[in-house]
Amino acid sequence: SQQGEEDPQALSIQEGENATMNCSYKTSINNLQWYRQNSGRGLVHLILIRSNEREKHSGRLRVTLDTSKKSSSLLITASRAADTASYFCAHMTTDSWGKLQFGAGTQVVVTP
Amino acid sequence: DAGVIQSPRHEVTEMGQEVTLRCKPISGHDYLFWYRQTMMRGLELLIYFNNNVPIDDSGMPEDRFSAKMPNASFSTLKIQPSEPRDSAVYFCASSLGDEQFFGPGTRLTVL
């Protein structure tokens, strides 16, 4: 069962628009990660942000982390049809090194 | 590296039969994870190993499920006897402790 929450559950946007999704968790973390899953495929790691970092960028991805609010956000800029996928956040708690707690995911549909 | 390898990719079996899922992690990775994904319950961690030793099996649904990792290159997840509610996609993932690398999954259908 998931230990984190994500919102929205689903997001539908047009190509070129930005997509933002949020994630919350309940315990102290070592790091928080975002993964993408295309339909019928395995999850693919996108980006990792450590507990002492506040923002991280990778290409068109921007992740923020607010440990005081126990929340993170993933922004995908200038979305493309190929960004259509489910996006999951996962956090690693300070007392379970190696183990990730996954959220329920946000389903993103980008329409050409 | 070929990534995490899982076999079979699809498995259809009848209730009561034994099912064995296989996983070859990325060479050099010391963590191996087994997950199950369904529409109803999402992605669930079943069990994970560190250096071939099971660390946390609290996610294993019941005694019908068992997992082994006899060496650093191979792990199995066995369901005996299988039930229709075990139908799901089972993923294996490996890591060095941070980011996890997922296999393509095994889609299991129990009739």
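Based on this model, can you work out whether A:SER58 counts as more than 15 Å from the chain's Cα centre (by Cα), surrounded by fewer than 16 Cβ atoms within 10 Å (Cβ to Cβ) and not hydrophobic (A, V, I, L, M, F, W, C)? Break it down into steps so the answer makes sense when it comes.
Working: more than 15 Å from the chain's Cα centre (by Cα): no; surrounded by fewer than 16 Cβ atoms within 10 Å (Cβ to Cβ): yes; not hydrophobic (A, V, I, L, M, F, W, C): yes.
Taking the combined requirement at face value, the residue does not satisfy it.
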Do we find a residue being under 14 Å from the mean Cα position of the chain (by Cα), charged (D, E, K, R) and at pLDDT 95 or above anywhere in the range B:39-47?
no
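Right, A:ARG80: of a type in the set (D, E, K, R), modelled with pLDDT of 95 or more, over 11 Å from A:ILE29 (Cα atoms) and over 13 Å from the mean Cα position of the chain (by Cα) or not?
yes
Could you pull out the residue among B:ARG41, B:ARG22 that is out of contact with any helix residue (DSSP H, G or I) (no Cβ under 7 Å at 6 or more places or on another chain) and under 20 Å from A:GLN101 (Cβ atoms)? Give the derivation first.
Numbers: B:ARG22 fails: under 20 Å from A:GLN101 (Cβ atoms).
Answer to the check: B:ARG41.
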I need the full set of residues from the range B:32-68 which are more than 14 Å from chain A (Cβ to nearest Cβ) and crowded, with 17+ Cβ neighbours inside 10 Å, in order please.
B:PHE65, B:ALA67
Within the range B:69-111, which residues are among the charged types (D, E, K, R) and either on the phi > 0 side of the Ramachandran plot or more than 13 Å from chain A (Cβ to nearest Cβ) (or both)?
B:LYS78, B:GLU83, B:ARG85, B:ASP86
Yes/no for B:SER82 being polar (S, T, N, Q) and over 16 Å from B:VAL110 (Cα atoms):
no
Over the range B:24-48, the set of residues touching a residue at least 24 places away in the same chain (Cβ under 8 Å) and of a type in the set (Asp, Glu) is B:ASP30
Residue ID - nearest to A:ALA10 (Cα to Cα), chosen from residues in the range A:34-56 that are within 11 Å of chain B (Cβ to nearest Cβ) and charged (D, E, K, R)
A:ARG36
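Taking the condition closer than 17 Å to B:TYR35 by Cβ, modelled with pLDDT of 95 or more and surrounded by 13 or more Cβ atoms within 10 Å (Cβ to Cβ), does A:PHE88 pass? Before you say what the answer is, go through the steps one by one.
Numbers: closer than 17 Å to B:TYR35 by Cβ: yes; modelled with pLDDT of 95 or more: yes; surrounded by 13 or more Cβ atoms within 10 Å (Cβ to Cβ): yes.
When the stated conditions are applied, A:PHE88 passes them.
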Restricted to the range A:5-55, and to residues that are among the basic types (Lys, Arg) and closer than 25 Å to A:ALA81 by Cα, which residue is surrounded by the most Cβ atoms within 10 Å (Cβ to Cβ)?
A:ARG36
Give the number of residues within the range B:5-29 that are closer than 10 Å to B:GLY105 by Cα and among the acidic types (Asp, Glu).
0
Which of (1) facing chain B (nearest Cβ under 9 Å); (2) without any contact (Cβ under 8 Å) to a residue 24 or more places away in the chain; (3) under 14 Å from the mean Cα position of the chain (by Cα) is the odd one out, the single condition A:ASN31 does not satisfy?
(2)
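Considering every residue within the range B:71-88, establish whether at least one is in contact with an Asp or Glu (Cβ under 8 Å, 6 or more places away or on another chain) and among the β-branched types (Val, Ile, Thr).
Taking the range B:71-88 and keeping what is in contact with an Asp or Glu (Cβ under 8 Å, 6 or more places away or on another chain), we get B:72, B:78-82.
Restricting the remaining residues to those that are among the β-branched types (Val, Ile, Thr) gives B:79.
So far as the range B:71-88 goes, yes, one or more of its residues are in contact with an Asp or Glu (Cβ under 8 Å, 6 or more places away or on another chain) and among the β-branched types (Val, Ile, Thr).
The values are calculated or read from the model by the stated rules, or taken from the named source; none is laboratory data. From a predicted model like this one, the values you see are computed outputs, not experimental measurements. For neighbour counting, all protein chains shown are included, and Cβ atoms are generated from backbone atoms with ideal geometry for every residue, glycine included.
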